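What follows is one structure encoded as structure tokens, with my remarks underneath.
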Amino acid sequence: SNLSTFCGDKICNGGETCNTCVGDCGSCVIAPPNQPISLVADSVDQRNPAIYGTKIVYDDNRNGNYDIFLYDTSTAKETRITTDLKDQYNPSIYRDVIVWEDRRNEGQSLSDIYMYDLSTKQEKPLAVGKPSEEKPHIYGTKVVWTDFRNNKGSTWNPDIYMYDLATNQEAQVTSNGY
């Protein structure tokens, strides 16, 4: 048995559930059979959801462009994460870190990768200014994405890159040989 896993450590793990540890896993959301749970009452698009524990992140078009929002099922509270007038979309979340694809620098690149730390309330660019970085995912301290910096003229040449939040180092993971 893992002694570091316990109810009250603010991490829903080790077999804890919303039934056994509300403090770590949040309250159970129970819907009637075959009925959706309405988390957001808005008539525009909410899409590209990702979840970690009780936190659901998604992009939302209610402000005339896509922004990243967080909905915490344990508090039933929604929080707007991004406010730039350009689109932010395709979020991913792990613990207190959210990453997404961002078009605020459109013109210099098609899209970049940004992150937001919920515990420090700090936003940080991770991959900016290359032709395009897309579809980020996070696990632990590692963020991966599809990257087009190695395009050869009109030939699409996507590779996978990784950024380690613990070391602040970026590395190319794959190379397709073009």
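The values are calculated or read from the model by the stated rules, or taken from the named source; none is laboratory data. Just so you know, these numbers come straight off a predicted model, no measurement behind them. Virtual Cβ from ideal backbone geometry, glycine too; neighbours counted across all protein chains shown. The area values use the complete protein model at the heavy-atom level, side chains included, leaving out ligands, DNA and RNA. Shrake-Rupley method; radii C 1.70, N 1.55, O 1.52, S 1.80 Å.
Name the single residue that is surrounded by the fewest Cβ atoms within 10 Å (Cβ to Cβ) among those in the range 144-175 being over 18 Å from the mean Cα position of the chain (by Cα) and hydroxyl-bearing (Ser, Thr, Tyr). Residue satisfying both the conditions and the ranking: Ser154. Within the range 57-78, being touching a strand residue (DSSP E or B) at 6+ places or on another chain (Cβ under 6 Å), in contact (Cβ under 8 Å) with a residue 24 or more places away in the chain and open to solvent by less than 60 Å² (accessible area, probe 1.4 Å) holds for Val57, Tyr58, Asp59, Ile68, Phe69, Leu70, Tyr71, Asp72.
What number of residues within the range 127-141 are more than 12 Å from the chain's Cα centre (by Cα) and over 13 Å from Arg103 (Cα atoms)? Going through the range 127-141 one residue at a time, the tally reaches 2. When Ser74 is tested against (1) at pLDDT 90 or above; (2) in a loop (DSSP other than H, G, I, E, B), exactly one condition is not met: (1). The lone criterion from (1) in contact with a Gly (Cβ under 8 Å, 6 or more places away or on another chain); (2) farther than 21 Å from Asn65 by Cα left unmet by Asn105 is number (2). Just wondering, is there one or more residues in the range 118-129 that are surrounded by 13 or more Cβ atoms within 10 Å (Cβ to Cβ) and either among the polar types (S, T, N, Q) or at positive phi (or both)? There is no residue in the range 118-129 that is surrounded by 13 or more Cβ atoms within 10 Å (Cβ to Cβ) and either among the polar types (S, T, N, Q) or at positive phi (or both).
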